[in-house]
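Encoded as structure tokens, the structure appears first; notes follow it.
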Amino acid sequence: MTVPMDFQDLLVRYFGQADFEGLPSAALTAGVERMHVDFGLEKNAGRRFALWTLMYMLGSAPDLDVAFEDAADRDAARDFMDMVDKMG
């Protein structure tokens, strides 16, 4: 059974709180490091994508060709990047 990933849950899991305001830089760095480890270990494509999108929004996502073996996953990631860029 796959448990869905919720954005707020990810923030609490990796950064200890759901709000980035007041988050010490050491907590941000440590959380991003944990995300990279979990990303490397994660086998579920949907969960990997969720982790990658959060890392992307934080400016720490691995390159697409490193992160995703499947071309469709890379295309989805590019679409996400385009969407985020359009939002400003």
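Since every read-out is calculated from the coordinates, none of them should be taken as a lab result. Since this is a predicted model, take the numbers as computed values, not measurements. No Cβ is skipped: glycine too gets one built from the backbone with ideal geometry, and neighbour counts run over all protein chains shown.
Numerical summary
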| item | result |
| --- | --- |
| Options Ala50, Met81, Gly22, ranked by Cα towards positive dipole end of the chain, top entry (Cβ charges) | Gly22 |
| Local net charge near Arg13, Cβ-Cβ under 11 Å (Lys/Arg +1, Asp/Glu -1) | -2 |
| Value of relative contact order over the chain, rounded to a whole percent, pairs C-alpha under 8 Å and six or more apart | 18 |
| Tilt relative to the chain, helix 25-41 - C-alpha long axis, 0 to 90 degrees, to 10 | 30 |
| On Cα atoms only, tilt of 71-87 relative to the major axis of the chain in degrees | 50 |
| The stretch 1-74: trypsin sites (Lys or Arg not before Pro) in DSSP loop, at most 11 other beta carbons within 10 Å | Lys43 |
| Segment Asp70-Leu23, extension gain: residue separation times 0.36 nm, minus the distance between their alpha carbons | 13.5 nm |
| Reported label for calculated mean projected area of the Cα convex hull in nm² given (1) 7.7; (2) 6.1; (3) 4.8 | (2) |
